[in-house]
1. Give the number of residues within region 224-269 that are among the hydroxyl-bearing types (Ser, Thr, Tyr) and either without any contact (Cβ under 8 Å) to a residue 24 or more places away in the chain or within 13 Å of the ligand (Cβ to nearest atom) (or both).
2. Kindly list, by first and then second residue, each pair from a residue in region 346-359 that is of a type in the set (Asp, Glu) to a residue that is open to solvent by 60 Å² or more (accessible area, probe 1.4 Å), limited to pairs with Cβ atoms under 6 Å and residues at least 6 apart or on different chains.
3. Take the residues in region 301-319 that are more than 23 Å from the chain's Cα centre (by Cα), open to solvent by 10 Å² or more (accessible area, probe 1.4 Å) and closer than 16 Å to Ala256 by Cα; name whichever of them is farthest from the ligand (Cβ to nearest atom).
4. For the condition more than 16 Å from the ligand (Cβ to nearest atom), within 19 Å of Pro96 (Cβ to Cβ) and out of contact with any strand residue (DSSP E or B) (no Cβ under 7 Å at 6 or more places or on another chain), what is the one hit in Gly168, Gly221?
5. Residues that are charged (D, E, K, R), in a helix (DSSP H, G or I) and at pLDDT 95 or above: does region 14-22 have at least one?
6. Of the conditions (1) touching a residue at least 24 places away in the same chain (Cβ under 8 Å); (2) out of contact with any Asp or Glu (no Cβ under 6 Å at 6 or more places or on another chain), Leu147 clears all except one; give me its number.
7. On the given criteria, is Glu49 over 23 Å from Val347 (Cα atoms) and not in a loop (DSSP other than H, G, I, E, B)?
8. What about Asn122, is it closer than 13 Å to Val212 by Cβ, among the polar types (S, T, N, Q) and in contact (Cβ under 8 Å) with a residue 40 or more places away in the chain?
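The values are calculated or read from the model by the stated rules, or taken from the named source; none is laboratory data. Note that the structure is predicted; figures quoted are calculated from it, not measured. Neighbour counts run over all protein chains shown; Cβ positions are idealised from the backbone, glycine included. Keep in mind that these areas ignore ligands, DNA and RNA; they rest on the heavy atoms of the full protein, side chains included. Shrake-Rupley method; radii C 1.70, N 1.55, O 1.52, S 1.80 Å.
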Amino acid sequence: MSTDTKPAYSPGLAGVIAGETEICWVDPDAGLMYRGYDIHEMAEKASFEEVAFLLLNGQLPTMAEFQRFKMEIAAARTLPKQVLDMLRLLPKNTHPMDMLRTGVSMLAPFDPELNDHSHAANIRKAIRLIAKVSTLITDGYRISLGLDPLSEKPDLTMAGNLFYKLNGEVPPTWKIRMMDTIFILYADHEYNASTFAARVTASTLADMYAAVTSACGTLKGPLHGGANEESMKMLDDIKTPDRAEKWMMDALAQKAKIMGFGHRVYKKGDSRVPIMREIGRDLGKRVGKEQWVPICEKLEATMEREKKLCANVDLYAAPVFTMLEFPPALNTPIFAASRVAGWCAHVVEQHDNNRLIRPRSLYTGPAMRPYKGISPNGAK
Ligand code: COA
């Protein structure tokens, strides 16, 4: 056996093209496109449900298709009783991302089309998953507080129901619109780690629930979706804008990884940051918490000067979620409530034109050597 071949190798798959997609394009020069539409235009004019339809189907819905899509989501929100019972069995301190991952996994056998990977069945499962991921987050959270889940309000959008099902209050229209924009920003990001994990799982011809379970597990890490929870801990620690520069200099001197900064693809800034920053500024004025955006801006300027690294969307998402009164542990699940649309669109695309994703690794272990174990004939 020869071990001396040295194929091209890129640690962390940096810069490697691992597949083709028609769903999303991340422009390293600070752009983002969903199926040919600029994210900035979508964030301003579209609704999340419209974007989810676009990601799944490749084109914007007609009014009739849009109404039907919204009704299908509304009809699929309720969780099976057994899943609710399971959520009640989890320890009270279970992280909401672990609840979500476990919940998605348990939903699988309740889906009558689980093992039908045809395009039409996959789209139907995607709708059910988009609806139920949100409910797993809101019901799971209430259950962890010892409260009963609340019924959906079918007339509210995904964004509206997210607020309503947490505390039973219908939020003002401006808040729902703001959440809609945030959902649009988070809906897809081509081959990010969780989407890639979903595609790897789907490429074995495993089902969509298996793929989304993989994606949830991958999103949790602080180098990916978990960064928006960690960023809030940092901002809470800094507290005021005048402390931000020194905080950053001290952290960099200790060679710490600063959450909410850096990106594998963007080198001239994260396309979503300007929109999230403006949401943060607007929200700060509305709720009387105007310190967060100036803290982030001071951190951005210091990081740019010291390391030429840009902020990513999670830096600003953290205070935005806090000002919207979500507990920090829900930051990453809320990201998932939107990204599930992207994950499902990628699973549909993978199953429609599948090839197993199976790269090689570079062997760096010892050369072939004779076995000299304790017993030549195996353990006695
Ligand atoms: N804080 C401090 N230094 C950072 C940094 C950060 N957030 N992100 C990158 N760097 C530095 C690295 O230390 C490294 O420096 P070096 O070359 O002197 O060793 C250099 O920048 C390259 O970083 P690297 O970790 O190799 O880049 P990557 O492409 O592998 O990683 C991230 C990308 C996103 C994982 C990384 O930037 C990171 O860990 N960011 C913080 C977590 C985060 O916000 N994640 C959300 C992403 S949307």
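1. 2
2. If the second residue must be open to solvent by 60 Å² or more (accessible area, probe 1.4 Å), the pairs left are Asp352/His119.
3. So, considering only residues that are more than 23 Å from the chain's Cα centre (by Cα), open to solvent by 10 Å² or more (accessible area, probe 1.4 Å) and closer than 16 Å to Ala256 by Cα, the one farthest from the ligand (Cβ to nearest atom) is Glu304.
4. On the way: Gly221 fails: more than 16 Å from the ligand (Cβ to nearest atom).
It is Gly168.
5. The first filter runs over region 14-22 and keeps only residues charged (D, E, K, R), leaving 20, 22.
Next, only the ones that are in a helix (DSSP H, G or I) stay: none.
Checked against the condition, which is being charged (D, E, K, R), in a helix (DSSP H, G or I) and at pLDDT 95 or above, region 14-22 yields no hits at all.
6. That leaves (1) as the condition not met.
7. No: the conditions fail for Glu49.
8. Values: closer than 13 Å to Val212 by Cβ: yes; among the polar types (S, T, N, Q): yes; in contact (Cβ under 8 Å) with a residue 40 or more places away in the chain: yes.
In short, yes.
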